[in-house]
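What follows is a single structure, written as structure tokens, with notes after it.
The values are calculated or read from the model by the stated rules, or taken from the named source; none is laboratory data. What you see is a predicted model, and the numbers here were worked out from it, not measured in a lab. FYI the Cβ positions are ideal-geometry reconstructions off the backbone, even for glycines, and counts take in every protein chain you see. With ligands, DNA and RNA removed, areas are computed over all heavy atoms of the protein, side chains included. Shrake-Rupley method; radii C 1.70, N 1.55, O 1.52, S 1.80 Å.
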Amino acid sequence: KEYIITASDGGTPRLTISPFYQRLLRTGTDDEQLTSFVKGKMDSALWLIRSIEQRRLTLYRVATQIVKLQQAFLEQGIKHLKPLTLKEVASKLGIHESTVSRATSNKYIQTPRGLFPLKFFFSSGVTGAGGENYSSHSIKNYLQELVEREDSLKPFSDQQMAGILKGKGIVISRRTVAKYREEIGIPPSYRRRRI
């Protein structure tokens, strides 16, 4: 399956240099100071236009790399989201990690799975017993499913959930289960118990 990346910048106005100033520089003027001033401003404007285009291209390249690396998630869902770091994407693109961070800040991507902030795709994770990688998001999804299917009279403790995940090949500590459980708003087992 191939995904097509397109930038949704239709609402963004295109910057151009005024034809009046372009003509003025081509034809020149008798006033050296005016010509020098206009040339300086023209150079600044061209630099700004090139910088904006470079930023747009960087965002496109980063999004393309994310889609390529997270294709399993796009096709099969949250359980297949892979751990990914800014550094990984930066090294594949030959740019600095901070450039990837700036490019993905406050940017979103519409996918077959919904709308996500680009930062969503960068998460830590663990390597499973079989060598598979699980992102923290996919582990949280497993925890959510466990809680939804548990017996409300005897809810799973954090240790029990760690054991169940270990059975699936996801080896994490009880403390990590507790941390992820709290992050997704699931109360501890004693508060989930229904009598």
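Structure summary
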quantity	calculated
Packing-based order for 82-88, 167-173, using average beta carbon neighbours within 10 Å, highest first	82-88, 167-173
Isotropically averaged projected area of segment 37-114, using the convex hull of Cα atoms (one quarter of hull area), nm²	6.3
Ellipsoid equivalent to segment 111-178 - semi-axes via the Cα gyration tensor, in Å	23, 16, 10
Segments 74-80, 56-62 sorted - mean Cβ within 10 Å per residue, highest first	56-62, 74-80
Hull volume in cubic angstrom per residue (convex hull over the Cα atoms of segment 1-78)	110
Whole-number accessible area per residue in Å² for segment 1-113, which is evaluated in the context of all protein chains at 1.4 Å	72
Rounded D (µm²/s) - the chain, Kirkwood Rh over Cα pairs, Stokes-Einstein at 10 °C, 1.306 mPa s	77
Mean separation of Cα contacts under 8 Å, 6 or more apart, over the residue count of the chain: relative contact order %	15
Extension gain from residue 44 to residue 32, taking 0.36 nm per residue of separation minus the Cα-Cα distance	2.5 nm
Residues residue 85 and residue 17, FRET efficiency given R0 of 35 Å [Cβ-Cβ distance, rounded to 0.05]	0.30
Peptides ranked, highest mean first, by Cβ atoms within 10 Å: ranges 13-20, 36-43	36-43, 13-20
Helix runs (DSSP H) in the chain reaching 18 Å along axis by Cα, Kyte-Doolittle at least -1.0	32-69, 136-149
Accessible carbon and sulfur surface of segment 47-195 relative to its total accessible area, %, 1.4 Å	51
Two-site label geometry, residue 97 and residue 129: point separation in nm, points 7 Å out along Cα→Cβ	3.2
Counting all C-alpha pairs of segment 62-177, share separated by more than 16 Å (%)	63
